[in-house]
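Participant: The following block contains the structure, expressed as structure tokens.
The values are calculated or read from the model by the stated rules, or taken from the named source; none is laboratory data. Just so you know, these numbers come straight off a predicted model, no measurement behind them. Cβ sites come from the backbone with ideal geometry, for glycine too, and all protein chains shown count toward neighbours. The area values use the complete protein model at the heavy-atom level, side chains included, leaving out ligands, DNA and RNA. Shrake-Rupley method; radii C 1.70, N 1.55, O 1.52, S 1.80 Å.
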Amino acid sequence: MASSPVPTPPTLPETDPDLAPRNTSAARLASAPVAVSLERVNKWYGAFHVLRDVDLSVRKGERIVICGPSGSGKSTLIRCINRLEEHQAGRIVVDGIELTNDLKRIDEIRREVGMVFQHFNLFPHLTVLENCTLAPIWVKKMPKAEAEAIAMRYLTRVKIPNQAHKYPGQLSGGQQQRVAIARSLCMAPKIMLFDEPTSALDPEMVKEVLDTMVGLADEGMTMLCVTHEMGFARQVADRVIFMDEGQIVESNTPEAFFRAPEHERTRLFLSQILH
Amino acid sequence: MTAGSQPLPLAFVRREAVPASPPPSLVSGPLAWLRQNLFSSPANAVMTLAALAVIALVVPPLLRFLVLDAVWTGQNRDACRPEVVGRPVGACWAFVANKINYFIYGSYPIEERWRPNVFFALMAFGVGWLLWLDAPRRAWGALYFFVVFPLVSYGLLAGVPALGLPSVPTALWGGMLVTLIVSLVGIVASLPLGILLALGRRSRLPIVRLFCVIFIEFWRGVPLITVLFMANVMLPLFLPGDVTVDRLARPLVGIALFSAAYMAEVVRGGLQAIPRGQTEGAMSLGLSPWHRMRLIILPQALRIVIPGIVNSFIALFKDTSLVSIVGIFDFIRTIESARVDPAWAAPTVVMTGYAFAALFYFVFCFGMSRYARFMERRLAAGQTR
């Protein structure tokens, strides 16, 4: 359905300059190598068919926003990419490595793919700094001092270096989510997955997390975000994907997607969330 | 919002904060504390008075028996007989003082009793090293306590003739020495075994899971007394004639396995309390299953179940007194045999012996309980979920 990015150049100038799409250059992506490819991926929870023949290919540096009603399989889709969920049919290739039951390959892929969760999933018994250095030290066998230096660099980038020695429980939701982003970045991932990163946050904290994500996008990170923040989609996405009942129903550039959604279900969904 | 006597104007902006006022006198102070905690309601007041009545009823006689009327010195039963002393006699502490070495060492040869003393010192050193959370080199402390100390202690207590330490058969060991050995082995063996069983019970491999479930349910379904009798009487029947297991080691193994089964269920409770997201977070970072368990899940799960673990330790410590019925001269058994000594036949000797036993167990159990509270608070500092 959407195996290659749609190269329609942006024509419509946005009214809000801050929401203007940034370097959405089809040329930039057209030549980029494929980072993630899904071919006819199928998954069942028991008898429930949750992913149906999903085809998707993500190029390096591409930013994709996935939206859709709850239960449409969007979280399951991105959780298949780092094998938090197992797919039963089809192929998933991440950074040239095919996902199989081979545990070594799964570990390899998880090292390349960072993930940010709705409920942060920080480790409450470790300080912020320890949360960030744990994986570099134990997975990459990095010396502690080096891991801490890297962690402090990323904590500075997400603007909370002064909280490094606190425990996650002492931080606000927005701060915790930024720590979670920093924790992922410490592993220097090539691809970042975001699973509704702002839906568990108080409204006034959504912006600080989105700003961090926009910064990441500006640096050219390959990103797949499940989110209903349509302002964010408009601002950074190269492509917006709408899923329903386990299928990709529509995939388009944000301008076209929001201006003229083609599918009936997309229109219905957008009318419900963009009140 | 607008229910006040004066209706609020439609537009209103507060320019200055309302200053804080001091609380009324019934909010703080000792009187307020009494009112809030002891007499907050008629039912509470009745309970307070009832509790005071019980204290008045119980404490003075107890104090009189244990301290005021007690006999502190003496060489035989005459010191504790009211008709000889000529006054009412409470606890006969002279009896305990006279038998204290027997209570501590049992029948361990008198000229070799420096060896249990060294053992006690080594144990205190190791326990102190482990329990002091800021101690230097705690990893070495663990190595000492779990490897060096057991090996050295065994050689020390049982004897190494090659090194000039005459061997002392376990039949002669007794008293607090044996009680501490049995509890220590039970505690030290049951926690790691229990963790393994708990993990096994949650394993994805059906064989492992089945084995752990059967093991746990078997040991939990059998009374400890049965286990001890089986270990002592029936085990030798199953073993080939030339294989003998030491008579102290048999109940030791039984107690360790018995308490491991209980420990496994306590630990499993903790494992189940950890949200799935913790595992997923660790997986997404590429941590291996072993690292996920050791660095993320177990530290959190064990902290949650500290009260349960200590509860099991305390129960185990007291349950070790059951080994006395299979002929091991533990602390309780030494009291049992000392109290029938005709040289100390006096009315209050029996009660004194049991009071001393209660005191001994209470000191250890209360110590464990307080330490666990301290550690819980210490570990929880700043880490609310």
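Participant: Within segment B:275-294, is there a residue that is β-branched (Val, Ile, Thr) and within 25 Å of the chain's Cα centre (by Cα)?
Facilitator: no
Participant: Another one. Please verify whether segment B:279-296 includes one or more residues that are small (Gly, Ala, Ser) and within 27 Å of B:LEU177 (Cβ to Cβ).
Facilitator: At the first step, the residues of segment B:279-296 found to be small (Gly, Ala, Ser) are B:281-282, B:284, B:286, B:288.
Subsequent filtering for residues that are within 27 Å of B:LEU177 (Cβ to Cβ) retains none.
No, there is no match, as no residue in segment B:279-296 is small (Gly, Ala, Ser) and within 27 Å of B:LEU177 (Cβ to Cβ).
Participant: Moving on to the next point. Suppose we filter segment B:333-364 for residues that are assigned to a helix (DSSP H, G or I) and open to solvent by 40 Å² or more (accessible area, probe 1.4 Å); how many remain?
Facilitator: Of the residues in that region, 13 qualify.
Participant: Out of (1) open to solvent by 20 Å² or more (accessible area, probe 1.4 Å); (2) more than 13 Å from every other protein chain (Cβ to nearest Cβ); (3) within 17 Å of A:SER184 (Cβ to Cβ), the odd one out for A:ARG63 is which?
Facilitator: The failed condition is (1).
Participant: Would you be able to say whether some residue in segment B:30-49 is touching a helix residue (DSSP H, G or I) at 6+ places or on another chain (Cβ under 7 Å), of a type in the set (Gly, Ala, Ser), surrounded by 14 or more Cβ atoms within 10 Å (Cβ to Cβ) and without any contact (Cβ under 8 Å) to a residue 60 or more places away in the chain? Quick ask: steps written out before the conclusion?
Facilitator: At the first step, the residues of segment B:30-49 found to be touching a helix residue (DSSP H, G or I) at 6+ places or on another chain (Cβ under 7 Å) are B:38-39.
Add one more test, that the residue is of a type in the set (Gly, Ala, Ser), and what stays is none.
Looking through segment B:30-49, none of the residues is touching a helix residue (DSSP H, G or I) at 6+ places or on another chain (Cβ under 7 Å), of a type in the set (Gly, Ala, Ser), surrounded by 14 or more Cβ atoms within 10 Å (Cβ to Cβ) and without any contact (Cβ under 8 Å) to a residue 60 or more places away in the chain.
Participant: Can you tell me which residue is farthest from the other protein chains (Cβ to nearest Cβ) among those in segment A:151-195 that are part of a loop (DSSP other than H, G, I, E, B), aliphatic (A, V, I, L, M) and touching a Pro at 6+ places or on another chain (Cβ under 9 Å)?
Facilitator: Looking at residues that are part of a loop (DSSP other than H, G, I, E, B), aliphatic (A, V, I, L, M) and touching a Pro at 6+ places or on another chain (Cβ under 9 Å), I get A:ALA188.
Participant: Any residue at all in segment A:154-171 that is polar (S, T, N, Q), within 29 Å of A:PRO69 (Cα to Cα) and in contact (Cβ under 8 Å) with a residue 12 or more places away in the chain?
Facilitator: No, segment A:154-171 contains no residue that is polar (S, T, N, Q), within 29 Å of A:PRO69 (Cα to Cα) and in contact (Cβ under 8 Å) with a residue 12 or more places away in the chain.
Participant: Which residue out of A:LEU129, A:LEU122, A:LEU99 is away from every other protein chain (no Cβ under 12 Å), in contact with a helix residue (DSSP H, G or I) (Cβ under 7 Å, 6 or more places away or on another chain), aliphatic (A, V, I, L, M) and in contact (Cβ under 8 Å) with a residue 24 or more places away in the chain?
Facilitator: Working: A:LEU122 fails: away from every other protein chain (no Cβ under 12 Å); A:LEU99 fails: in contact (Cβ under 8 Å) with a residue 24 or more places away in the chain.
Just one listed residue meets the conditions, A:LEU129.
Rundown of residues vs (1) outside any helix (DSSP H, G or I); (2) modelled with pLDDT of 90 or more; (3) open to solvent by less than 70 Å² (accessible area, probe 1.4 Å), yes/no style:
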residue: B:ILE55; (1), (2), (3): no, yes, no
residue: B:VAL58; (1), (2), (3): no, yes, no
residue: B:PRO61; (1), (2), (3): no, yes, yes
residue: B:LEU66; (1), (2), (3): no, yes, yes
residue: B:ASP78; (1), (2), (3): no, no, yes
residue: B:VAL89; (1), (2), (3): yes, no, yes
residue: B:TYR102; (1), (2), (3): no, yes, yes
residue: B:TYR108; (1), (2), (3): yes, yes, yes
residue: B:PRO116; (1), (2), (3): no, yes, yes
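Participant: Out of B:VAL213, B:VAL227, I need the residue that is open to solvent by 40 Å² or more (accessible area, probe 1.4 Å) and part of a helix (DSSP H, G or I). Which one?
Facilitator: B:VAL213
Participant: Hey, another quick one. Using beta carbons and a limit of 8 Å, which pairs, at least six apart or on different chains, have the first residue in segment B:116-141 and under 14 Å from B:LEU184 (Cα atoms) and the second one open to solvent by 60 Å² or more (accessible area, probe 1.4 Å)?
Facilitator: If the second residue must be open to solvent by 60 Å² or more (accessible area, probe 1.4 Å), the pairs left are B:LEU122/B:VAL152; B:LEU130/B:ARG138.
Participant: As an exercise: evaluate B:VAL84 against (1) surrounded by 17 or more Cβ atoms within 10 Å (Cβ to Cβ); (2) in contact with a helix residue (DSSP H, G or I) (Cβ under 6 Å, 6 or more places away or on another chain); (3) among the hydrophobic types (A, V, I, L, M, F, W, C) and give the number of the one condition it does not meet.
Facilitator: (1) is the only condition that B:VAL84 fails.
Participant: Here are some conditions: (1) surrounded by 14 or more Cβ atoms within 10 Å (Cβ to Cβ); (2) touching a Lys or Arg at 6+ places or on another chain (Cβ under 9 Å); (3) of a type outside the set (A, V, I, L, M). B:GLY327 meets all but one. Which one does it not meet?
Facilitator: In the conditions (1) surrounded by 14 or more Cβ atoms within 10 Å (Cβ to Cβ); (2) touching a Lys or Arg at 6+ places or on another chain (Cβ under 9 Å); (3) of a type outside the set (A, V, I, L, M), B:GLY327 misses (1) alone.
Participant: Now for a separate question. Tell me, yes or no, whether segment A:139-158 has at least one residue that is modelled with pLDDT under 95, under 22 Å from B:ILE274 (Cβ atoms) and open to solvent by 40 Å² or more (accessible area, probe 1.4 Å).
Facilitator: no
Participant: Let me ask you something else. Within segment A:85-108, can one find any residue that is under 22 Å from B:TRP290 (Cα atoms), open to solvent by less than 20 Å² (accessible area, probe 1.4 Å) and outside any strand (DSSP E or B)?
Facilitator: Yes - at least one qualifying residue is present in segment A:85-108.
Participant: Please work out which residue is most open to solvent (accessible area, probe 1.4 Å), limiting yourself to segment A:211-231 and to residues that are over 12 Å from the mean Cα position of the chain (by Cα) and over 17 Å from A:PRO69 (Cα atoms).
Facilitator: By that ranking, first place goes to A:GLU219.
Participant: Now for a separate question. Does B:ILE306 fit the bill of being within 30 Å of the chain's Cα centre (by Cα), open to solvent by less than 20 Å² (accessible area, probe 1.4 Å) and free of Cβ contacts under 8 Å to residues at least 24 places away in the same chain?
Facilitator: no
Participant: Also, quick follow-up: Applying the selection to segment B:266-292, what residues are away from chain A (no Cβ under 12 Å) and either outside any helix (DSSP H, G or I) or buried (at least 17 other Cβ atoms within 10 Å of the Cβ) (or both)?
Facilitator: B:VAL266, B:VAL267, B:ARG268, B:GLY270, B:LEU271, listed by residue number.
Participant: From A:GLU208, A:GLU204, grab the single residue that is in contact with a Gly (Cβ under 9 Å, 6 or more places away or on another chain), more than 25 Å from A:ILE81 (Cα to Cα) and surrounded by 15 or more Cβ atoms within 10 Å (Cβ to Cβ).
Facilitator: One residue alone meets the criteria, A:GLU208.
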